Amino acid sequence: MKHVFGVMLMVALCSWLGAVSFRLAIGVDTAGEVISSHEALIIGDHLETAHSLSAQMECRKKGIIYGLGVDYQFPRESKKLPENWYTSIGKQTHIPVYGILGYRFETTTKVSPEIIVQNGYNFQRIKIHNHNEDWRYSAKNGAYYAFGFGLNYSEFSLNMLYRVNRFTLKGERLNGNDWENGSDYNSLTRQFNMSLGYKFGG
């Protein structure tokens, strides 16, 4: 409920402070990897390239840009692992909801650059492979953040971002007939995203 309230508050704030514009974009996530850590143990593997869709609402006051966005990061899996290696993390989808803060530089040409920061909350859907019958895992949502830059030409924009989706793998261990809390792994995916968008309104 608090996340829904935050979204409504941001929409109202943008509408009150200035003209609202919208950006719809399609992108591609490359050079992705998933990393999990527990105490001194750190494990990870590379992710397949996948696509993403973005819908963003932005307000602009002079050069400052602020707003709200949501992404749908299409399901992606780990690349084929070496023989006898396996991972408990299967196909995964991430849906981050985030605030946007940026600055667009005024230029004398038709192309204007901007810097972009995004920060929010990541909703995930992850298929977990439980290879050991005495252990089981589930995934819990976490933070999302991204930063990078964009280029604007008329209504079109090209954004290049480094993005991180955080989540926690929560483990449970079978003790007799009962499941008990076991090891938790702080996990994240990180990748470079390039998206082409179209802005309208405002």
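The values are calculated or read from the model by the stated rules, or taken from the named source; none is laboratory data. Here the structure is a predicted model, which means the values were calculated and not measured. Cβ sites come from the backbone with ideal geometry, for glycine too, and all protein chains shown count toward neighbours.
Among the residues examined, Asn165 qualifies as part of a strand (DSSP E or B) and either modelled with pLDDT of 85 or more or loosely packed, with under 13 Cβ neighbours inside 10 Å (or both). For residues that are part of a strand (DSSP E or B) and either at positive phi or of a type in the set (Gly, Ala, Ser) (or both), tally how many sit in the stretch 175-202. Counting residues in the stretch 175-202 that are part of a strand (DSSP E or B) and either at positive phi or of a type in the set (Gly, Ala, Ser) (or both) gives 5.
Among the residues of the stretch 153-162, those that are surrounded by 17 or more Cβ atoms within 10 Å (Cβ to Cβ) and of a type outside the set (A, V, I, L, M) comprise Ser157, Asn159. For the structure I just gave you, tell me whether Asn159 is farther than 18 Å from Ile26 by Cβ, among the polar types (S, T, N, Q) and in contact with a Ser or Thr (Cβ under 6 Å, 6 or more places away or on another chain). Considered against the rule, which asks whether it is farther than 18 Å from Ile26 by Cβ, among the polar types (S, T, N, Q) and in contact with a Ser or Thr (Cβ under 6 Å, 6 or more places away or on another chain), Asn159 comes out as no.
Filtering the stretch 109-140 to residues that are at pLDDT 85 or above and not in a strand (DSSP E or B) leaves Thr109, Lys110. I'd like to know if the stretch 109-119 contains one or more residues that are surrounded by 17 or more Cβ atoms within 10 Å (Cβ to Cβ), over 19 Å from Asp184 (Cα atoms), touching a residue at least 40 places away in the same chain (Cβ under 8 Å) and of a type in the set (Val, Ile, Thr). Looking for residues that are surrounded by 17 or more Cβ atoms within 10 Å (Cβ to Cβ), over 19 Å from Asp184 (Cα atoms), touching a residue at least 40 places away in the same chain (Cβ under 8 Å) and of a type in the set (Val, Ile, Thr), one finds at least one in the stretch 109-119, hence yes.
Looking across the stretch 188-202, the residues that are surrounded by 17 or more Cβ atoms within 10 Å (Cβ to Cβ) and within 11 Å of the chain's Cα centre (by Cα) come down to Leu188, Thr189, Arg190, Gln191, Asn193. Does the stretch 29-45 contain any residue that is modelled with pLDDT of 95 or more and either surrounded by 16 or more Cβ atoms within 10 Å (Cβ to Cβ) or at positive phi (or both)? Checked the stretch 29-45: at least one residue is modelled with pLDDT of 95 or more and either surrounded by 16 or more Cβ atoms within 10 Å (Cβ to Cβ) or at positive phi (or both). What are the residues in the stretch 84-103 that are crowded, with 18+ Cβ neighbours inside 10 Å, over 10 Å from the mean Cα position of the chain (by Cα) and not small (Gly, Ala, Ser), if any? Scanning the stretch 84-103 gives Ile89, Gln92, Ile100.
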